[in-house]
Amino acid sequence: MFIFAIVIALLLDFVLGDPAWIWHPVRLLGHVIGVAEIVCRRLPISARAQGGIFLLLNIAVFIIPLSLLFVVTSFSKPLLTAIEGAAIYFALGGTCLAREVGGVARALFQHGPGEARARLRMLVSRDVDGMGEEEIASSAIETLAENFSDSACATLFYAALGGPILAWIHRVANTLDAMVGYKTEEYVDFGWASAKFDDIVNFLPARISALFIALVAPLVGGSVRSVLERAGKDGGALASPNSGYPIAAFADALGVKLCGPTSYLGELKDKPFIGEGPRPDVMDLMNALSIYWNAYALAGLFSIVLGSVIFP
């Protein structure tokens, strides 16, 4: 039963956020991934085979020591539960980015686009120079939506299904996709296994996240039915098979149009628009934060109930 561990993780996430510790497990994961890539690329096999071994190696490097830690501390139920809660907390990223996006919203409201662009630059990979209020608000909402699915809803879903082990398998998959899951010449083959695995593990959470967003949409004047219909219609519009679902849900809940052509490293990507209505402004961004926090609370409650049903 991982109910108490999930509660501990949620409390820690809300109180502490995601501290920028040098020994934070996700930071360590990033270093491990970098070393593993160098090692695996030297193997005398195809790039896709190298990438498959790379995926398995990174999962093993984190999951095996974590499993051993749980075995060693299993003599004490309270200690084991505390460690499981801490492990889920470090895999969970529900609070940190939302607070950062809140900083973008405050900067945009109080000081205008200049300071908001500076804050947004630290959160997104797209080019932010020259962005106006609508583009800043849209980029921040899109980031918020994807983060809700990837770093909050998915982590809690897998924690309920299998505790910190499954939660960390998801976190490894998500981090690998962020680092090597690009369709560039360098990573299109090597990162293929990591990208596909991330698509698989996020398939259900992305769609569940759209449901949670729909359920809280009436708090900002949205319609549950309309949000679900929009998610079903536009969820597959983006190149990613999953990220469009929470983005479409946010767009409909707010009554705005998100995404559209976006510049990355000076190159304009012709992304489709998602949703109907005007482009978002700072008030829409603030409403998006309200949706996020309420949907996050709902996801936390759902994970606790799901965990109690699976492990009565």
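A few points about this structure:
- Checking each residue in region 236-258 for being assigned to a loop (DSSP other than H, G, I, E, B) and more than 11 Å from Ser226 (Cβ to Cβ) picks out Gly236, Ala237, Leu238, Ala239, Ser240, Pro241, Asn242, Ser243, Val256, Lys257.
- Residues located in region 218-238, provided they are small (Gly, Ala, Ser) and surrounded by 19 or more Cβ atoms within 10 Å (Cβ to Cβ): Gly222, Ala231, Gly235
- Unique residue being modelled with pLDDT of 95 or more, of a type in the set (D, E, K, R) and within 30 Å of Ile59 (Cα to Cα) when the list is Arg225, Arg207: Arg207
- The helices (runs of 4 or more DSSP H) located wholly in region 53-140 that include 1 or more residues which are more than 29 Å from Ser263 (Cα to Cα) and at pLDDT below 95 occupy 77-91.
- Residue in region 153-164 that is in a helix (DSSP H, G or I) and on the phi > 0 side of the Ramachandran plot present: yes
- Just one of the listed residues (Phe90, Phe109) is surrounded by 15 or more Cβ atoms within 10 Å (Cβ to Cβ), touching a helix residue (DSSP H, G or I) at 6+ places or on another chain (Cβ under 6 Å) and either hydroxyl-bearing (Ser, Thr, Tyr) or over 16 Å from Ala9 (Cβ atoms) (or both), namely Phe109.
- Here Ser243 fits the description: in contact (Cβ under 8 Å) with a residue 60 or more places away in the chain, within 19 Å of the chain's Cα centre (by Cα) and surrounded by fewer than 24 Cβ atoms within 10 Å (Cβ to Cβ).
- Residues of region 266-303 satisfying the condition of being under 22 Å from the mean Cα position of the chain (by Cα), part of a loop (DSSP other than H, G, I, E, B) and either more than 20 Å from Arg99 (Cα to Cα) or among the β-branched types (Val, Ile, Thr) (or both): Lys271, Pro272, Gly275
- Selection count, region 4-59, where residues are farther than 23 Å from Thr95 by Cα and either of a type outside the set (Val, Ile, Thr) or free of Cβ contacts under 8 Å to residues at least 60 places away in the same chain (or both): 27
The values are calculated or read from the model by the stated rules, or taken from the named source; none is laboratory data. All values reported here derive from a predicted model rather than from experimental measurement. Note: ideal-geometry Cβ built from the backbone for every residue, glycine included; neighbour counts use all protein chains shown.
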